[in-house]
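I have placed the structure first, in the form of structure tokens, so that the comments after it can refer back to it.
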Amino acid sequence: MDDASSENLKPKYRRVLLKLSGEAFGHAAKSGISMEETLSVARQAKRVVDRGVQLAIVVGGGNLLRGAQFSAGGDGIIKEGTAHYMGMLATVMNGLALQDAFESLNVSTRLVTASRMETFAEPFIRRRCTRHLEKGRVVILAGGTGNPFVTTDTAAALRGRELGADILLKATRVDGVYNADPELNPHAVRYEQLSFTQVIRDNLRVMDMAAIDMCREGKLPILVFNFKREGNIERAIAGQPIGTFVHD
């Protein structure tokens, strides 16, 4: 996105929770961390932080490991709970990569984990994280909620409410929520807006239902959008009509 168009994107939201899945850190259909992809996200995020937006980011770990890949085998060697803990550690690895990407761009950050890892990260303390945001630091939230059997979607909803975010941005590789899988059905129709009630009633795949219910109760709106398009993080925070907006 050029500088001229970027100047028109005045932020609509003061404090934002951005949910990045593991796919934000790697190439499609490949495992591992791509610093090229990680830097691309960091550059977009830097531009909104430079405009005074307070940004917290919950990171996933699916590019490195998914707990379900062990439990699906059914051999019982790695217990399901253990597999979830392994997935939490994968999110920390992504968080460290994202932190260094930001700091290579001279953006001040704090990596915060749900489980204690003081050697390289701070423990999650709500008041301390709020203070970091007020000082203009990007807060990277890794390790999910610290509990197994809970998705990073739910962690994003939880942290969004705890930190008083104005909106939860769910970054994906598709441009919103559809009535069918757009990668399989070329006739799938994208929703521009949805109510929480409709998402729950129609079992639409926005986020897991625990996260949806938590956002509904806290009146925390969700925007599902395609972060792969350059400048879309800025457009989302400016309130432009992209993706699918889910609200009360």
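The values are calculated or read from the model by the stated rules, or taken from the named source; none is laboratory data. Bear in mind that the values here come from a model prediction, so they are computed numbers and not experimental data. Because the Cβ atoms are built from the backbone with ideal geometry, glycine has one as well, and the counts that use them run over all protein chains shown. For the accessible areas, the whole protein counts, side chains as well, though only heavy atoms, and no ligand, DNA or RNA atoms are used. Shrake-Rupley method; radii C 1.70, N 1.55, O 1.52, S 1.80 Å.
The residue that is surrounded by the fewest Cβ atoms within 10 Å (Cβ to Cβ), among those in the stretch 122-162 that are without any contact (Cβ under 8 Å) to a residue 60 or more places away in the chain and touching a Lys or Arg at 6+ places or on another chain (Cβ under 7 Å), is Pro123. Among all residues of the stretch 63-79, there is none that is of a type outside the set (Asp, Glu), at pLDDT 95 or above and surrounded by fewer than 20 Cβ atoms within 10 Å (Cβ to Cβ).
Return a yes/no flag: does the stretch 204-218 have any residue that is more than 20 Å from Gly164 (Cα to Cα), more than 18 Å from the chain's Cα centre (by Cα) and not in a loop (DSSP other than H, G, I, E, B). No, the stretch 204-218 has no match at all. Only one of the numbered conditions (1) open to solvent by less than 10 Å² (accessible area, probe 1.4 Å); (2) modelled with pLDDT under 90; (3) of a type outside the set (A, V, I, L, M) is violated by Asn94, and that is (2). Residue count for the stretch 224-242 under the criterion of being open to solvent by 10 Å² or more (accessible area, probe 1.4 Å) and part of a strand (DSSP E or B): the result is 1. Report yes if Asp248 is modelled with pLDDT under 95 and either within 19 Å of Glu192 (Cβ to Cβ) or among the aliphatic types (A, V, I, L, M) (or both), otherwise no. Spelling it out, Asp248 is indeed modelled with pLDDT under 95 and either within 19 Å of Glu192 (Cβ to Cβ) or among the aliphatic types (A, V, I, L, M) (or both). Residue count for the stretch 166-188, restricted to those that are in a loop (DSSP other than H, G, I, E, B) and surrounded by 12 or more Cβ atoms within 10 Å (Cβ to Cβ): 8.
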